[in-house]
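Inspection log for the structure reproduced underneath, given as structure tokens.
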Amino acid sequence: MRAASTLSQTLAIFFALLTALANALALTTQHIASTRKVDHSSTWQLTLFLLRQPLWLLGWVALVGSLVFQALALHFGPMSEVQPLLVSELIIALLLRRLWIHQRIRRLAWLSAGLTVIGLSVFLFASSPSGPAHVPGTSSWVVPVLLCVGVTMALVLFARSGSPSRRAGLFAAATGVAWALEATFIKATTDTISSSGFVGALAHWPLYAFIVGGVVGLLCEQAALHVGPLKVSQPFIVIVDPIVSVALGVWLYSEKLRSGAVHLGIAGLGFLAMGVGVVALTQSAPSTMKAEIHRL
């Protein structure tokens, strides 16, 4: 039994890291493809151009892969462990910038990446998330779903006015909440498919909640990226998502964190350090995908 639990945890970590890798690859490839110096006078011409770009298409393959990997990670492990691990996407993206695009990365960015990794490791080690094979009943979803939907709607409404940075931050916070809720739908859909099959899943609500949640998350994310700077929206998304995910994992799936004031205090400090690292990393990383734009 213990061996099976260890194997499940190992698989969850493995697939979570593959998710982060796929997300970083998708971001890098699609950004490079969409910002090449080619003159297109219309959106239609740009779309046709992108459809002929292998890198852009590779980005979509990576996005599909990230969804599959995340579903597998959430199937094998608790949300409280899987979702925080997705923060490693930022570090992987930084490595891709250096090794693939050959950008010169500032020393502060590497130090921030190191702080992020240390903070994440401390949080996971101190909190030691675990989850029993608990499948929440339909009625258990009502309150957390309504709460997340209400918070997301409120953030979107507040984001309709204000400075670009304020709007980007609010849309990004809404995105973090939406993606955390979407993770619960992914987990529920994966569990439904494993018990009822792909055809059987069509008769259950998690599949449709997963589709709607994904659309809402994408819309919020695109709004966050469009209205303000990436250095504002990215840290909000990356930090809010795991916070809400841990709360939903404990609430819905009865996941457990290591009890005791000492362990929880250390876990909190680890998460704080991770948050500081994320903010510093997003501020110090290169702002474009062009090579040699930063000096050490």
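Data table
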quantity	calculated
Relative exposure of R104, R98, R167, judged by other C-beta atoms within 10 Å (fewest first)	R104, R98, R167
Prolate/oblate/rounded call for region 79-180, Cα gyration tensor, a/c under 1.5 rounded	oblate
On Cα atoms only, tilt of 2-34 relative to the major axis of the chain in degrees	20 degrees
Residues of region 268-282 with amide N under 13 Å of the 7 Å Cα→Cβ point at K231	279-282
Order of H226, H75 - criterion: other Cβ atoms within 10 Å of each residue's Cβ, fewest first	H226, H75
Assigned charges on the beta-carbon of Lys, Arg, Asp, Glu; the chain dipole about Cα centre (debye)	900 debye
Tensor-based shape of region 68-113 (alpha-carbon gyration tensor, a/c under 1.5 rounded, otherwise prolate or oblate)	oblate
Region 168-194-region 93-139 distance, computed between alpha-carbon centres (Å)	18 Å
Most fluctuating residue given options S233, S195, S165, as computed from a GNM of the chain linking Cα atoms under 10 Å	S195
Amide H within-cut-off set for K256, under 5 Å, with H built and near neighbours excluded	S130, G131
For the chain, calculated [θ]222 nm from helices alone, where every DSSP H run of n ≥ 4 adds -39500 (n - 2.57)	-27000 deg cm²/dmol
Options (i) 0.96; (ii) 1.01; (iii) 1.08 - which one matches Cα Rg over 2.2 N^0.38 Å as calculated here	(ii)
Ranked D191, D241, criterion: other C-beta atoms within 10 Å, fewest first	D191, D241
Extended-chain gain in nm, criterion 0.36 nm per residue less alpha-carbon gap, A154 and V215	20.2 nm
Gyration tensor verdict on region 168-296 (Cα atoms; rounded if a/c is under 1.5, prolate if a/b is larger than b/c, oblate otherwise)	oblate
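Readers should treat all values here as calculations from the given coordinates under stated rules, not as data from a laboratory. Just so you know, these numbers come straight off a predicted model, no measurement behind them. Cβ sites come from the backbone with ideal geometry, for glycine too, and all protein chains shown count toward neighbours.
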